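In what follows, a single structure is set out as structure tokens and then discussed.
The values are calculated or read from the model by the stated rules, or taken from the named source; none is laboratory data. Predicted model, so just to flag it, every value in this text is computed and none were measured. Counting neighbours? That spans all protein chains shown, and the Cβs are built from the backbone with ideal geometry, glycine included.
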């Protein structure tokens with residue numbers, strides 16, 4: 001997308017131009033911001049240029065602001081310049097500036113908002129990575145949506161993004177999965193199972209997999225010792241669970257491009273290699289940790305352990321990398337995995353984890369710093385719990401008891417798009433209430449409906465316009481030439497300005513790694529549109545979109561409507577949601 005369609009980049013260029021002769025050439029202006037004022041009454045654009053460049057200019061902030069403001073006041077697109085507070089410069093722009101942006105939005109179409117800000121930098125987004133021990137629950141769904149939307153957002157902002165899933169298939173939990181499958185396999189061969197032994201997975205999802213194994217292999221594994229049947233059944237169980245997980249993710253619209261196996265890393269000697277390397281650098285040593293907080297001498301016994309010097313890289317304590325039996329800890333394998341990502345060319349790594357892993361963030365960040373010699377960057381985004389409800393009443397979940405509500409059941413109940421949208425209506429580190437009844441309500445309080453309704457209303461206007469205008473006249477290319485200068489009502493201009501903020505929203509949300517901002521933006525954008533619709537329907541009929549007595553004004557308003565439909569579709573595409581053209585009750 002051309003920079004001309006980004007109103008804030010246009011004005012940044014003009015502000016930078018105004019600095020010529022005021023600050024020395026070559027001055028670092030990276031801290032200069034160009035953004036909407038917090039209060040719309042202060043204008044359209046605000047910049048901190050005078051405050052961050054005061055030293056370079058050798059002037060007090062207010063004095064520097066006055067000099068910059070005097071230059072900007074001569075810009076043909078600037079109606080008013082005000083210096084406020086410690087030196088903010090607020091600009092009010094002409095209506096024609098915004099009308100030009102509207103035409104550009106129409107010409108850009110669905111790619112509007114696409115940016116080159118990321119400059120093709122490679123980013124690895126690892127998300128979901130649920131243990132392959134059963135179907136995914138709603139909590140996994142939140143991480144899946146946050147990770148997928150973040151990946152799409154980064155791609156929209158010009159980054160080269162890889163979507164990755166880390167298969168945790170090397171721990172004790174997959175051995176228990178294999179034992180649980182063996183039980184269901186014996187059941188399929190006629191054995192009566194009255195109770196599931198403690199520690200095994202009781203879910204009914206393993207029953208058909210046990211039957212599949214029995215159908216394929218007969219009684220081949222029935223009388224062998226566990227040491228003989230456990231490895232092959234573990235591989236079979238993990239493969240079937242991953243097939244189930246991939247199907248559930250596909251139902252949610254999530255497709256990963258890379259799957260990395262923890263077991264393969266361990267078997268390939270990668271963990272051994274990384275630990276030897278760190279030991280050679282003096283970052284692994286044998287030591288004794290202090291007792292954890294809350295422990296007493298009676299229930300804690302100090303013992304020598306292999307420790308990573310995490311405190312050297314900002315962690316609170318050094319961390320064990322080997323268990324008492326000599327095998328590597330989860331942390332050690334995770335260290336090897338992140339180094340593997342870095343060596344594959346991903347200096348920028350984003351991990352989406354459940355909130356229960358919050359205590360793990362510092363040690364992993366310390367590990368990445370050590371392993372990459374501070375060349376790698378790890379950002380961990382934690383997803384808080386999802387409270388699943390139905391008509392305000394909690395829906396109980398319990399993965400261990402086998403009675404939990406699966407993610408797939410929720411998708412089948414309310415649809416992929418409702419699940420994806422609702423998962424992004426709160427910042428990922430805040431708890432989320434997901435009410436099965438409310439997410440399908442056709443009400444203002446349901447953000448899914450509110451945004452989709454605005455798009456459907458746009459489509460409805462365009463359908464009605466097709467009764468008067470030819471198909472060619474309603475194309476974005478033709479409407480970009482409509483007399484949009486006739487859109488002068490404050491509500492119309494407010495809607496254009498909101499649409500013009502989309503490219504900046506893409507860039508700022510991508511840099512902050514906050515895809516929920518897109519849901520907020522679309523909700524705000526929809527509110528501007530619904531306000532204009534209501535104003536035309538109830539207060540001023542001259543604002544209605546279709547005016548049979550003024551064809552050219554109608555064309556201008558159709559340009560506004562088509563542009564809005566495109567911006568909403570662009571935002572929903574980042575969220576992985578399909579825009580609807582008609583709302584059905």
So is residue 484 more than 30 Å from residue 145 (Cα to Cα) and at pLDDT below 95 or not? no
Would you be able to say whether some residue in segment 349-365 is crowded, with 21+ Cβ neighbours inside 10 Å, outside the structural domain of residue 419 (by TED's automatic domain parsing), part of a helix (DSSP H, G or I) and out of contact with any strand residue (DSSP E or B) (no Cβ under 6 Å at 6 or more places or on another chain)? yes
Please count how many residues of segment 297-321 are part of a strand (DSSP E or B) and at pLDDT 95 or above. 5
Complete set of residues in segment 531-543 that are exposed (fewer than 15 other Cβ atoms within 10 Å of the Cβ) and either part of a helix (DSSP H, G or I) or at positive phi (or both): 531, 534, 537, 538, 539, 541, 542
Of the residues 254, 274, 266, 238, which single one is closer than 30 Å to residue 417 by Cβ and either surrounded by 12 or more Cβ atoms within 10 Å (Cβ to Cβ) or more than 34 Å from the chain's Cα centre (by Cα) (or both)? 254
Could you go through segment 506-529 and let me know if any residue there is in a helix (DSSP H, G or I), farther than 30 Å from residue 143 by Cβ and in the same structural domain as residue 480 (by TED's automatic domain parsing). yes
Among the residues of segment 248-271, how many are under 27 Å from residue 204 (Cα atoms), assigned to a helix (DSSP H, G or I) and touching a residue at least 12 places away in the same chain (Cβ under 8 Å)? 5
Restricting attention to segment 21-35, the residues that are in contact (Cβ under 8 Å) with a residue 24 or more places away in the chain, surrounded by 18 or more Cβ atoms within 10 Å (Cβ to Cβ) and in a loop (DSSP other than H, G, I, E, B) number exactly 1
Within segment 62-92, can you find the residues that are within 26 Å of residue 485 (Cα to Cα) and assigned to a loop (DSSP other than H, G, I, E, B)? 73, 74, 75, 76, 77
